[in-house]
Structure formats: C-alpha cells, structure tokens
Amino acid sequence: MAIPLKSEPAAQVVARHIEALILEGSLVPGEPLRSERDLAEQFAVSRPTLRDGLRILVDKGLLRQGAGRGLEVAPLGTSITDPLIALLAAHGEVADDYLEFRDIVECSAAAYAAVRANDIDRDRLRECLDRIARAHAAADPQEEADADTELHQLIYEASHNLVLLQIMRALSDSLRQDVIQNRGRLFSIPTIRETLRDQHVAIAQAILDGNAKRAQAAAHDHLTYLRQAAREVRMAQEKLDLSLRRLQRGGVGVPG
C-alpha cells in the first residue's frame, strides 16, 4: 500500500517518515532497509526521488551502507558517548552502578507499561514469556539470557516513552560486555535461573494485568536481586582468579 505524501518535497517526506520510524523504535540499529524498488513503490515516488530522501538520512548519520548492496540503520546513541562507554566498560566495579541505574529507570518503565501497554505490546510480552519458559525448560543459559534482554526491551517499548526507549537501547547495546553484566554466567546457576524466571514472569504478569504498583514493585525486587547475585558471582570469580594466580605464581615465579 502506497504511503501518501504531503505537499512538501517528496524526498523530504520520505526522509521524515523513515526518520520517525527510527525515532519510535520501529527501525533499530543494524536493520537493513528494503530494496530501492520496494521503497519507491511504497512511497509512490521515483527511484531518484527516493535516493535523494535516503541521502538526507545518510548525511545525518541515521543510515549507512550495509554489508550488502543496500542501506541499513546506523548505530545510534553511541557516537556522543563512545569514550565514556569505553571507560565504563573497562571497569568491572561499574556493574553495580549500572544495575542501580537500571533499578531507578526500569521501575518507572514497568509502571508506565502497565498503564500504557496496548494489545500488541501485551501479545509480544506473552510471546516473550513463552520464549523464556522454553529456554528455561531446555536449560539453555544463552537463550534464556537473550529472552531476558528481549523482555526488558519490550517493557521499555510498552512504556511508550521514546526518550527512555532510545537511551536504554543505546546503553544496553553499548554495555553488553560480560564485564558489565554477565547474564550467561548468572543463567548457568540453577538456583539463580529459577528465581530470575519467576521474577520475569511476575513483572510481565503485572504489566499484563495493568497493575502499575505491582509492576513497579516486581521490577524493583528483580533488580535488587540481580545486583546481589551479580556481586556474589563477581566476588566468587575474583577469589578463583586469585587462587589461580597463586597456584601459577602469577605467571612470573616458578611453580612449586
């Protein structure tokens, strides 16, 4: 179905429409665009006009050349913070501060989602809960961790706050290194896996029920637990690393 254009220059209308899709999160960083032929047909413009519109977005840094022949959405939300993000990612002690920040933000996001979520949002949350259940039953830590990431992203989307969504998406993409949050390790511990699964269900169910207070409380309980579990896992790893260094004489001395 063709998208009707307004009286302003067609190339600008094309650019503004795609720009709006990026802003609202319908198009995400790294996502490839359809072919020029498909897009020109969708916007009911000539291919030269379409190219002019796409060039506007390339010049703005919103689109870039993809791995193939077409364009893709550029990495967003990192260019103004790359040095800071790199500095944070280099220091493991920042992990607790990051989770504390998420506690502040996600409690509000969950509450907003409970009030603002529509039928599409709720259907996607239910699908994610099914994915979490399947991953948990299969004892697949990586899939369970990925489903966890998806759930939190869906909560941001269901909050219908574009600033919150884009900021948290950028931070999540930038701070995904194990030094910040080692989800894979957490989900490999059975007792932690059980608790996290139950907490995810509690948050999502509160949102599905439209209960903002319960959603906010469930999110806080989850992040509080996650901070404590992450601390314990990190401390255990530090003790193990120390024992190994002693055993190996730090890689400098001659082992006894």
_Over region 10-73, relative contact order from alpha-carbon pairs under 8 Å, at least 6 apart, %_ = 45
*By accessible area of protein heavy atoms, probe 1.4 Å, what ranking do R227, R246 get, highest first?*
R246, R227
*With all protein chains present and a 1.4 Å probe, how do I189, I167 order by accessible area, largest first?*
I167, I189
_Built amide H within the under 5 Å cut-off of L63, gap 5+_ = V58, A74
_Label-point separation in nm, T191 to Q248, each point 7 Å along Cα→Cβ_ = 2.9
*Using a 1.4 Å probe over the heavy atoms of the protein chains, calculate the carbon and sulfur portion of the accessible area of region 83-248 as a whole percent.*
56
_region 83-248 - percent relative contact order, Cα under 8 Å, separation 6 or more_ = 36
*Once the whole set of protein chains is in place, how much accessible area is left on I18, using a 1.4 Å probe, in Å² to the nearest 10?*
10
*Working out 0.36 nm times the residue gap between M235 and V115, then minus their Cα-Cα distance, what length gain in nm do you get to one decimal?*
39.3 nm
*asked:* For A44, what residues show an amide H to amide H distance below 5 Å, using hydrogens built from the backbone and excluding near sequence neighbours?
replied: I3
*Can you pull the accessible area of T49 for me, 1.4 Å probe, Å² to the nearest 10?*
40
*HN-Hα J couplings of region 222-237 from phi, Karplus 6.51/-1.76/1.60, θ = phi - 60°, integer Hz, Gly and Pro as x?*
5, 5, 5, 5, 4, 4, 5, 5, 5, 4, 5, 5, 5, 5, 5, 5
_Order of exposure, largest accessible area first, which applies to Y98, Y225 with probe 1.4 Å_ = Y225, Y98
*In whole Hz, what ³J(HN,Hα) sequence does region 131-141 give by Karplus (6.51, -1.76, 1.60; θ = phi - 60°), x for Gly and Pro?*
5, 4, 5, 5, 5, 5, 5, 7, 6, 9, x
*Where does each of 24-35, 54-65 land if you order them by average Cβ count within 10 Å, highest first?*
54-65, 24-35
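The values are calculated or read from the model by the stated rules, or taken from the named source; none is laboratory data. Everything numeric here is computed off the predicted structure, so don't read it as measured data. Glycine also receives a Cβ, built like all others from the backbone with ideal geometry; neighbour counts cover every protein chain displayed. The area values use the complete protein model at the heavy-atom level, side chains included, leaving out ligands, DNA and RNA. Shrake-Rupley method; radii C 1.70, N 1.55, O 1.52, S 1.80 Å.
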